[in-house]
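Notes follow the structure.
The values are calculated or read from the model by the stated rules, or taken from the named source; none is laboratory data. The model shown is predicted, which means the values in this text are computed figures rather than measured ones. Cβ placement follows ideal geometry from the backbone for every residue including glycine, while neighbour counts extend to all protein chains displayed.
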Amino acid sequence: MFQTVIAGAVCVQGVAGAQVVTVPTTPVVGSSNPATAEPPVTRPSTTPCTVTLYNNEAFNDYSAHPIAYAPPSGCKGPWAKVVLNLDFTVTEGRQYDRTASLYLGNANIFYGTTAEPRSALSPSWHVERDVTDLSALFKTAQTGNAIIYNIFNSTYNGGIYGNATLQFYPADFRNPPAQPPDMVVPVSGANSPYELDSTSSVLSTTVTLPRNLIKVYLDVISQSQSNDEFWYLGAPNDVAGELETYGGTAFRETEISIDGKAAGIAPVSPWIYTGGIDPYLWEPITGVETLNFKPYRVDLTPFAGMLSDGKPHTVGISVYNANSYFLATANLLLYRDPLQAETGGDVVENTLSPAPVPDVVENLTTANGATTGTVFVGSKRTFTASGYINTAFGRVKSTVESTVNFNSDQTFNVSTSGVPEIQNVRQTSTADTTSTYQLGIVSQQTAKHWSFPLLLSYKFVQNNDGSYSQTVGSDQEHHLSETTTFNGYTLSSSQAVEQVKSADTLVYNSSLTAVTAVGPTTSEASYVSTDSSGSCYSRTLTSKNRVLKSVQDNKSCPAKP
C-alpha cells in the first residue's frame, strides 16, 4: 500500500578516509542534521574520567565489531553518574536507516537507529544516555560488540561512522554516589539482539542468582523489523490482502515469563525510523526516541524471594503477534541485601494470564471495486503480583499492580485499481503500575504512568495530470510520570511529555518511477519535563522543507525570579 522512497540518489564516492563529524549537542537553526527536543543528560560537577570504546569506527559491512573495555584507572568509584556518549556520521549517498546497538559483557548499553543520507546530505548527530544503573557492569574488564549491520556497495553507498565513549563522574560531598543495582544480568543473544519471528519465539536465559535478592527489575527493548516494521498499520490476516497492508493486526505486546509462567508485560513503542513511510518526514526532526530507544522497566520484585532460592531459573521474553520479526534485548537489574547472605521468600499471588485475548472488530464493506470501513483491535489486562522477602530488617511484602491498555482504530478506503488508498490510524497504548513495599507499618509506594499515543494519516491519490500524490501526517506523543510516597506522604514526583508532529506530500510521475516534487514538509517537536524539586526543562523545535527553523528553550517553564 505504501509507496516507499529512498532519500538520496546514487552517488558513488570514496569513503575510506571519512571520519565522524561531531555536532553541537543543541540543535542548530539552519541545519539539516538530525534534531530532537529530548534533553541532554544532566552532569555532576566533578571532572569525569573518559574511556573510549571506539573511535571513527566504519560500519560498512554486515558484521559485529568487537570492542574491549577496561575500567578507568583514575576514577575507581564510587561514581555519581556514568554517561555514554555516541556520535555518528553517514556520508552523502544512498542508504537505509540501520539498527545500532552496543553490548558489553553480553549486556545492552545502547539501542537505536541511524539517519538516512541523501545525495547532498551527510547527516551527523549526537546521542547520550545515563547508564549509571549499569555501573556493576563497568567495574570489571569486558569484551563486547558494536553493531550496525550495513549493506554497503555501489548502490547503497552511504558509509556509517561512529564514536563511543563512557564518562565516569566521581562522587564527592556535593555529588553523592549513586546507588545502582548490585548486579546486571543480560537477557540477550550473544552480544546482540535476538530475533523473535512469531508469538512462540522466546528469548531466554537460565541463571542461578544470588541468595539475597531484595529487588529485581527487567529493562526490556522490543524493536520491530522487516514485515513487522509497520506493525501499527497492520490488519487481521483475513482482510490484510484486500486492505493492502500488513497482517497480524495492529496489536503487539512484550510478554515476560519466569520459568515459563507469565510474570510481567512491556508495551511495544510505536517507534518510526528515519526511512519510515516517507523519509522526508524525518528531516531534520526525527520521531520520538528514533535515534535512542528507551527501555521499558518491568518490576519483578514480587518474584525476588523465589529467585533467591539457589536454583536455576529461566527468564523469557516474547512478543505477542510477532510477524517476522522483532528484535529483543533486556537486562536484569538486581539489588542485594547488604547485611545478610540469604533472604528467602516466595510468590504469594500472581493473577497475570498467560497471554492477552485481544478484541478484534471488522466493519468493512466492499463495493464498486473499493473496500471501505473500520478495523478495531483492543486489549486490556489488569493483574497483581505479590511476594515477600525476609530481609535483614524483617519481612518485606512487595506488590505490583498493573493495568496495560491498548486500542487501535483504523479507517480504510482502498481501491483494487490502486487509487485512492487511504488509511488513518488512531492508536493509544498505556501502562499504569503501582509498586508497594511494606515492612510492618512502613509503606513505600511508587506509581508510574507510561503512554505512547499515535495518530497517522495516509492518502495516495491520482492527480488530473496523471501524476500521483502521497500525503502523510504523523503525530507521536510519549508521556511519562512517576510519584513516590512514604506512608502516604509524597517524597518525589516527575513528569515528562514529548511530541513530534510531521507532515509531507510527495508527487510521483505517472509511471511511479520517480518523485517529481517534495513538500511542503513541516515538523514540530517539543519536550517538557518537571519534577518536585523545582527542576524544569523545555525545548521546542520547528522545521520547514527539511531545514531547522527555530529552537526555543524554557518556553513551558515558569520564569525564574
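Name every residue in region 216-236 that is assigned to a loop (DSSP other than H, G, I, E, B) and more than 20 Å from the chain's Cα centre (by Cα), in order of residue number.
Ala235, Pro236
Quick check on region 495-515: of everything there that is hydroxyl-bearing (Ser, Thr, Tyr) and either touching a helix residue (DSSP H, G or I) at 6+ places or on another chain (Cβ under 9 Å) or surrounded by 16 or more Cβ atoms within 10 Å (Cβ to Cβ) (or both), which residue is farthest from Gly534 (Cα to Cα)?
Among those residues, the one meeting the criterion is Tyr508.
Would it be correct to say that Val461 is of a type in the set (A, V, I, L, M), over 17 Å from Tyr296 (Cα atoms) and surrounded by 16 or more Cβ atoms within 10 Å (Cβ to Cβ)?
The answer is no for Val461.
Does Asn145 satisfy the criteria of being crowded, with 17+ Cβ neighbours inside 10 Å, of a type outside the set (Val, Ile, Thr) and within 25 Å of Asn55 (Cα to Cα)?
So Asn145 fits the description; yes.
Filter region 333-380 for residues that are among the acidic types (Asp, Glu) and farther than 24 Å from Ile422 by Cα; which is surrounded by the most Cβ atoms within 10 Å (Cβ to Cβ)?
For region 333-380, the residue satisfying everything is Asp337.
Of all residues in region 157-173, count the ones that are in a loop (DSSP other than H, G, I, E, B), crowded, with 17+ Cβ neighbours inside 10 Å and out of contact with any Pro (no Cβ under 6 Å at 6 or more places or on another chain).
Total meeting the criteria: 2.
Checking the structure you have, find out if any residue of region 443-457 is assigned to a loop (DSSP other than H, G, I, E, B) and either under 32 Å from the mean Cα position of the chain (by Cα) or not aromatic (Phe, Trp, Tyr) (or both).
yes
Output the number of residues of region 55-83 satisfying the condition of being in contact with a Leu (Cβ under 8 Å, 6 or more places away or on another chain) and loosely packed, with under 12 Cβ neighbours inside 10 Å.
Matching residues across region 55-83 total 0.
I'd like to check something: does region 192-213 contain any residue that is basic (Lys, Arg) and surrounded by 17 or more Cβ atoms within 10 Å (Cβ to Cβ)?
No, the conditions are met nowhere in region 192-213.
Does Tyr273 fit the bill of being under 30 Å from Gln438 (Cβ atoms) and modelled with pLDDT of 95 or more?
Answer is no for this residue.
Looking for something in a strand (DSSP E or B), among the charged types (D, E, K, R) and touching a Phe, Trp or Tyr at 6+ places or on another chain (Cβ under 9 Å) - is there at least one such residue anywhere in region 480-487?
No, because not a single residue in region 480-487 is in a strand (DSSP E or B), among the charged types (D, E, K, R) and touching a Phe, Trp or Tyr at 6+ places or on another chain (Cβ under 9 Å).
Can you tell me which of Val288, Val319 is in a strand (DSSP E or B) and either among the hydrophobic types (A, V, I, L, M, F, W, C) or modelled with pLDDT under 95 (or both)?
Answer to the selection: Val319.
Show the residue pairs meeting these rules: Cβ distance below 6 Å; 6+ apart or different chains; first residue within region 142-153 and touching a residue at least 24 places away in the same chain (Cβ under 8 Å) and within 13 Å of Thr99 (Cα to Cα); second residue surrounded by fewer than 17 Cβ atoms within 10 Å (Cβ to Cβ) and not charged (D, E, K, R).
Here the result reads Ala146/His65; Tyr149/Tyr62, each pair linking region 142-153 to a residue that is surrounded by fewer than 17 Cβ atoms within 10 Å (Cβ to Cβ) and not charged (D, E, K, R).
Which of the residues belonging to region 237-285 are of a type in the set (Ser, Thr, Tyr), part of a strand (DSSP E or B) and over 20 Å from the mean Cα position of the chain (by Cα)?
Scanning region 237-285 gives a single hit, Ser257.
Out of region 7-35, which residues are among the hydrophobic types (A, V, I, L, M, F, W, C), assigned to a loop (DSSP other than H, G, I, E, B) and at pLDDT 90 or above?
Val20, Val21, Val23, Val28, Val29
So the check is Cβ under 7 Å with 6+ separation or different chains; which pairs have a first residue in region 344-373 that's within 30 Å of Phe393 (Cα to Cα) and a second one that's part of a loop (DSSP other than H, G, I, E, B)?
Close Cβ pairs (under 7 Å, with a partner that is part of a loop (DSSP other than H, G, I, E, B)) amount to Gly344/Ser308; Gly345/Ser308.
Examine region 522-531 for a residue that is surrounded by fewer than 16 Cβ atoms within 10 Å (Cβ to Cβ) and closer than 30 Å to Gln444 by Cα, and state whether such a residue exists.
Yes, region 522-531 contains at least one residue that is surrounded by fewer than 16 Cβ atoms within 10 Å (Cβ to Cβ) and closer than 30 Å to Gln444 by Cα.
Any residue in region 19-40 that is within 10 Å of Trp125 (Cα to Cα) and of a type in the set (Asp, Glu) sitting within a Cβ distance under 9 Å of a residue that is assigned to a loop (DSSP other than H, G, I, E, B) and at pLDDT below 95? List the pairs, counting only those 6 or more apart or interchain.
Pairs found: none.
If you check Leu327 against the conditions, is it under 22 Å from Ile109 (Cα atoms), surrounded by 14 or more Cβ atoms within 10 Å (Cβ to Cβ) and in contact with a Lys or Arg (Cβ under 9 Å, 6 or more places away or on another chain)?
For Leu327, the condition - under 22 Å from Ile109 (Cα atoms), surrounded by 14 or more Cβ atoms within 10 Å (Cβ to Cβ) and in contact with a Lys or Arg (Cβ under 9 Å, 6 or more places away or on another chain) - is not met.
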